[in-house]
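*Asks:* I have a structure here, written as structure tokens, and I will follow up with some questions on it.
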Amino acid sequence: MRRRWKAPNNPTVQARQVWATLFPREPWPKGWRVAWVGFMRGAAGLTIYGERRVLLSYGDHTGPVRKMRAGAVDTLLHEFVHIRCGHGLRHGREFDQLENALRVRLGLDPEVRR
């Protein structure tokens, strides 16, 4: 029988710290939480608007060989853009610019997309 995967911690606390650093004058969005899931095929993170949840793929962010190029903080930045902009903003040039602006606020290098 296969054992059920159990998340190692609740990443909402750390996510709230990242949010507070990025948006010092804005409170954490009401009712939102962040959770680890064991593995999501092809996605490092996912925003579920109806449940006010952000899911992070633990399997993609840990282990001896990280499967995704982006780290968990980068994934959070991406999902924060989704939270702030809602369903209206799709992935594309404007989305990438907003993500890069958040990276710069944290002192990270902007990502170059071709």
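The values are calculated or read from the model by the stated rules, or taken from the named source; none is laboratory data. Every value quoted in this text rests on a predicted model; they were computed, and no experiment measured them. Heads up, the Cβs are rebuilt from the backbone with ideal geometry, glycines too, and the neighbour counts pull from every protein chain shown. Surface areas here come from the heavy atoms of the whole protein model, side chains and all, with no ligands, DNA or RNA. Shrake-Rupley method; radii C 1.70, N 1.55, O 1.52, S 1.80 Å.
*Asks:* Taking Rh as the Kirkwood radius, which is the inverse of the mean 1/r over Cα pairs, what is the Rg/Rh value for the chain? The partial results should precede the final answer.
*Replies:* Numbers: Rg = 14.4 Å, Rh = 14.9 Å.
For the chain, the value is 0.96.
*Asks:* Now for a separate question. Of the beta bridges DSSP finds with both residues in the chain, what % are antiparallel, to the nearest 5?
*Replies:* 45
*Asks:* Now, a different point. When the chain is modelled as a GNM with alpha-carbon springs shorter than 10 Å, which of ARG41, ARG53, ARG33 fluctuates the most?
*Replies:* It is ARG41.
*Asks:* Right, another one. What distance in nm separates the two pseudo spin-label positions at ASN10 and CYS85, each 7 Å out from Cα along the beta-carbon direction?
*Replies:* Taking the simple label geometry, ASN10 and CYS85 are separated by 3.0 nm.
*Asks:* Most mobile of ARG25, ARG90, ARG16 per a Gaussian network model of the chain (Cα springs, under 10 Å)?
*Replies:* For the chain, modelled as a Gaussian network with Cα springs under 10 Å, the answer is ARG25.
*Asks:* Simple spin-label model, 7 Å along Cα-to-Cβ: LEU46 to ARG3 in nm?
*Replies:* 2.4
*Asks:* Sort all Cα-Cα distances of region 10-67 into consecutive 5 angstrom bins from zero, then give the percent of pairs in each bin up to the one containing the longest distance.
*Replies:* Percent of Cα pairs in each bin: 4, 18, 23, 23, 17, 9, 4, 1.
*Asks:* Nearest 10 degrees is fine. How inclined is helix 93-105 to the longest principal axis of the chain, computing both from alpha carbons?
*Replies:* Taking Cα atoms only, the helix is inclined about 90 degrees.
*Asks:* Run the 1.4 Å probe and let me know the accessible area of PHE39, rounded to the nearest 10 Å².
*Replies:* My reading of the accessible area for PHE39 is about 110 Å².
*Asks:* Here is a follow-up. Mean residue ellipticity at 222 nm from the helices of the chain, using -39,500 (n - 2.57) per DSSP H segment of n ≥ 4 over the full residue count, to the nearest 500 deg cm²/dmol? Spell out each step's value before the answer.
*Replies:* Working: 4 runs with 42 residues, N = 114.
So the calculated ellipticity at 222 nm is -11000 deg cm²/dmol.
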